[in-house]
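FYI, it's all coordinate maths here, none of it is from the lab. None of the values given here were measured: they were computed from a predicted structure. Cβ atoms come from the backbone with ideal geometry, glycine included; neighbour counts cover every protein chain shown.
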Amino acid sequence: MVRTTFTYQELKRTNHREIKRLQDQKFRAFIRYQVWPNHPYYRRLFKELDIDPFNIVCVEDWAKYNIPLVRKSEYKDHLREFVLNPTEVDGSPRDPADVVKNLMEYSKEAGHSDLAKFIRNNGARVKLKIGAGAAMERLKERLAHQYAPLQFWLSSGRASGLPSPVFLTRYDNELLYSNCVKVGQMAIDPWVDSGWELISMNLFPYAPHLGWHAVNLGLKQMSKFYVATSAGGAIPSEKLVELAGVFKVNGFAGMPSYMRNRFFRAMAEADYEAPERVVVVLAGEKIYGPVVEDIKTILVAKGAREVRVVGGYASSESKISFAVQCDLSGPYHNVSPLMLAFESVKLNDDGTYDFVGEDESGYAALFHLDGTGTVVEGFLLGDVISKQERGRCPVCGMDGPFFWDVGRTNDAEAQIQVIGLTEKTIKGATVNLTALRSDLLAISGVEEVQIEVAKEDMQDPYSMDVLNLYVAFRGSVSSNQAALIEELKKITKISAEVTPVVHVISFEELLERAGGMKFMEVVDSRPKPS
Ligand SMILES: [Zn+2]
């Protein structure tokens, strides 16, 4: 039997061989009956490369047939082509009966037996003309549920001035709903048997990214009580600490730099009493040891006896789920291995690539095994993982696919090779600063700009990111500088989700600052964590 998913308890009982077998079965069905008929980009690619999609039987076959990995630069130029569209085939309309037939094939092969039954029953009514009109309506509704994009997360790599979107359907939302709860269950797993109950607080920024929304869906399902906030967005951090105290919150989720530099700092200053056991889930940025230590120290000083911190790993493109650590010293577990596969690849000099073995490091590549809307296969996420394994986790004992130590590919040259463009992560949002600079230079009145990514406290590598704009205006505009500064801020905020600090200097000063002849358009002067 093909399964469509595992609950957390089922995952704990299954072994990695069984998971791999089912992963490949789902991947096979997905490529044959969703991607090949409905995905404009891969359909074209398979044809161009003369690949029979029915020969692809496991994820590793992607490398066997040398199917190109997708870089962000490629993705942003083909946004529409990455969205499943069953209504067209090779640019022409498809017969609605064929749309239903493909979905039927897919449901059967991928183990979605309820969906298969639904299509069979309503299809029969249409054919036999027993309540055909209503049956047809139900099928239409179901197709819209399955395929019509409902919302998006923003990804990096810009298309027409905005970060590029990754689309989700209602069906994707359903999958996210059942997957995100597993992330939380892993985070609190060691305490559940003792009867400990979660009272949670969402401290992710509210934005069209996976973070806030997935955490919101997950915490709402698993908490005894849930406090939804938007980090410091709507309510100041001091007030949030007060709320945490009033509701006795014992589980916090947010981005490391906001948590350390705002929320827990406010907690340290406040008259606040921590619960005995506290869990903290961090995601969206790399997690550094000293950041975790600071958070723990504050909680312990406020009375917590036991503090459990774990990291989550996701990207906009992972869409319907993410990976989570079983312990801060442990690996990241893929809690939805039948929906997504995180693979590790090595890029060869001749343009080919290989899946790497268990003890090697590699670049993280994402494969979708389920879902609709935007679908990517072999998508280079731009992160390096030190090693990936299948088997029993040495820390928690769960038997499945997991990977260790995720880090961004930060070096500009490596970024070009891996994702096809250069970008910086600022306060968790990934920003293409070269593109931002050209937008800023397009403002008439602006002569030259240098963009600097720095830290609020340059002595503290874990403090909040800041974005500085060093700007020289044209001589004639000195009268309306204030309006220009506002415009620079506005454009930057749209593009980078960060309000910059604008420093107006003379053109000569700017040239000197930026290195004279070899003009440094973008500098990252953030101190490196030791
Ligand atoms: Zn583990």
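Using the reciprocal of the averaged 1/r over all distinct C-alpha pairs, how large is the Kirkwood radius of the range 1-46 in Å?
On the way: mean 1/r = 0.0830 Å⁻¹.
After inverting the pairwise mean of 1/r, the radius is 12.0 Å.
What whole-number distance in Å separates the alpha-carbon centres of the range 212-249 and the range 490-514?
34
Name the residue farthest towards the positive end of the dipole of the range 344-461 from the options 404, 363, 450, assuming +1 on Cβ of Lys and Arg, -1 on Cβ of Asp and Glu, about the Cα centre.
Of the listed residues, the answer is 404.
Tell me, what ³J(HN,Hα) does each residue in the range 262-269 have, in order and in whole Hz, if you take phi through Karplus 6.51 cos²θ - 1.76 cosθ + 1.60 with θ = phi - 60° and put x for Gly and Pro?
10, 5, 6, 5, 5, 5, 4, 7
Give, in nm to one decimal, the length gained when the segment between residue 47 and residue 174 is fully stretched (0.36 nm per residue of separation minus the Cα-Cα distance). List each step's numbers first, then the result.
Details: separation 127, 0.36 × 127 = 45.72 nm, distance 3.22 nm.
Length gained, residue 47 through residue 174: 42.5 nm.
Charges only on Cβ, +1 for Lys and Arg, -1 for Asp and Glu: so what's the dipole of the chain about the Cα centre, in debye to the nearest 20? Each step should come with its number before you reach the end.
Values: 62 positive and 69 negative charges, 414 e Å.
My answer is approximately 2000 debye.
Tell me the mean residue ellipticity at 222 nm calculated for the chain from its helices only (DSSP H runs of n ≥ 4, each -39500 (n - 2.57), averaged over every residue, nearest 500).
Numbers: 17 runs with 191 residues, N = 530.
After summing the helix terms and dividing by residue count, I get -11000 deg cm²/dmol.
Taking the Cβ of each residue in 281, 345, 35 as the centre, tally the other Cβ atoms inside 10 Å and list the residues starting with the fewest. Write down the numbers at each step before the final one.
Numbers: 281 28, 345 19, 35 22.
The most exposed by this proxy come first: 345, 35, 281.
Order by neighbour count: 30, 507, 367, fewest other Cβ atoms within 10 Å first, most last. Don't skip to the answer; put the middle values down first.
Details: 30 24, 507 14, 367 19.
Exposure proxy ranking, most exposed first: 507, 367, 30.
At a Förster distance of 56 Å, what's the computed FRET efficiency of residue 508 paired with residue 114, Cβ-Cβ distance as r, to 0.05?
Values: r = 70 Å, r/R0 = 1.25.
So the FRET efficiency works out to roughly 0.20.
If the only charges are +1 at each Lys and Arg Cβ and -1 at each Asp and Glu Cβ, what is the size of the charge dipole of the range 123-212 around the Cα centre, to the nearest 20 debye? Don't skip to the answer; put the middle values down first.
Values: 9 positive and 7 negative charges, 157 e Å.
Dipole of the range 123-212, to the nearest 20 debye: 760 debye.
For residue 127 and residue 13, what is the calculated FRET efficiency with R₀ set at 45 Å and r taken between the beta-carbons, to the nearest 0.05? Don't skip to the answer; put the middle values down first.
Details: r = 42 Å, r/R0 = 0.93.
The calculated FRET efficiency here is 0.60.
Return the Rg/Rh value of the range 8-148, two decimal places, where both radii are evaluated on C-alpha atoms and Rh is the Kirkwood radius.
Working: Rg = 17.3 Å, Rh = 17.0 Å.
On the Cα set of the range 8-148, Rg over Rh gives 1.02.
Can you pull the Kirkwood radius for the range 213-366, inverse mean 1/r over Cα pairs, to one decimal in Å?
Values: mean 1/r = 0.0580 Å⁻¹.
Mean inverse Cα-Cα distance, inverted, gives 17.2 Å.
Residue 89's amide H: which non-local residues (gap 5+, or another chain) put their own amide H closer than 5 Å, with H modeled 1.01 Å from N in plane and none for Pro or chain starts?
94
Return the whole-Å distance between the Cα centroid of the range 91-149 and the Cα centroid of the range 444-464.
About 54 Å separates the Cα centre of the range 91-149 from the one of the range 444-464.
In whole Å, what are the Cα extents of the range 432-524 along the three principal axes, biggest one first?
41, 30, 22
Report, ordered by chain and residue number, the lysines lying within cross-link reach of residue 387, taken as a straight Cα distance under 25 Å and ignoring same-chain residues fewer than 8 apart.
The qualifying lysines are 12, 20, 26, 64, 72, 182, 286, 319, 346, 424, 528.
Given bins 10 angstrom wide, list per bin the percent of all Cα-Cα distances in the range 376-530, short to long.
Once binned at 10 Å, the Cα pair distances of the range 376-530 give 9, 32, 30, 16, 8, 4, 1.
On a 0 to 90° scale, report how tilted helix 16-30 is relative to the longest principal axis of the chain, with both axes built from alpha carbons and the result rounded to the nearest 10.
80
Which angle from 0 to 90°, rounded to the nearest 10, does the C-alpha axis of helix 289-301 make with the longest principal axis of the chain?
Taking the Cα atoms of the chain, the angle to 289-301 is about 80 degrees.
Whose amide H sits under 5 Å from the amide H of residue 311, counting only residues 5 or more places off or on another chain, with H placed in the peptide plane?
282, 325
So how do 230, 92, 223 line up by other beta-carbon neighbours within 10 Å, fewest first? If you can, show how the numbers build up before the last one.
On the way: 230 15, 92 6, 223 20.
With the fewest neighbours first, 230, 92, 223 line up as 92, 230, 223.
To the nearest 20 Debye, how big is the dipole of the range 432-524 about its Cα centre, given +1 on the beta carbon of each Lys and Arg and -1 on that of each Asp and Glu?
Working: 8 positive and 16 negative charges, 55 e Å.
Using only the charged Cβ atoms, the result is roughly 260 debye.
Kindly give Rg over Rh for the chain, based on alpha-carbon atoms, with the Kirkwood expression for the hydrodynamic radius. Walk me through the numbers on the way to the answer.
Numbers: Rg = 24.7 Å, Rh = 24.9 Å.
Checking Rg against Rh, the ratio lands at 0.99.
Quick one: Karplus J couplings for the range 207-213, per residue in order, coefficients 6.51, -1.76, 1.60, θ = phi - 60°, nearest Hz, x for Gly and Pro?
Calculated HN-Hα couplings, in order: 7, x, 10, 5, x, 4, 5 Hz.
Using only Cα atoms, tell me the angle between helix 170-192 and the longest principal axis of the chain; keep it within 0 to 90° and round to the nearest 10.
The two axes meet at around 70 degrees.
Which whole-Hz ³J(HN,Hα) couplings does the range 220-230 yield from phi under the Karplus relation 6.51 cos²θ - 1.76 cosθ + 1.60, θ = phi - 60°, glycine and proline marked x?
Using θ = phi - 60°, the values come out as 4, 6, 9, 8, 6, 8, 9, 10, 8, 10, 10 Hz.
Within 9 Å, Cβ to Cβ, of residue 53, how many net charges do the neighbouring residues add up to if Lys/Arg are +1 and Asp/Glu are -1? Could the numbers behind the result be given before it?
On the way: positive: 32, 43; negative: 52.
Result for the local shell: +1.
Using amide H atoms built in the peptide plane, which far-off residues or other-chain residues are under 5 Å from residue 198 H to H?
Under 5 Å from the amide H of residue 198: 224.
Give me the number: length gained by fully extending residue 140 to residue 276, i.e. 0.36 nm times residue separation minus the C-alpha to C-alpha distance, one decimal in nm.
Details: separation 136, 0.36 × 136 = 48.96 nm, distance 5.23 nm.
This chain segment gains 43.7 nm when fully extended.
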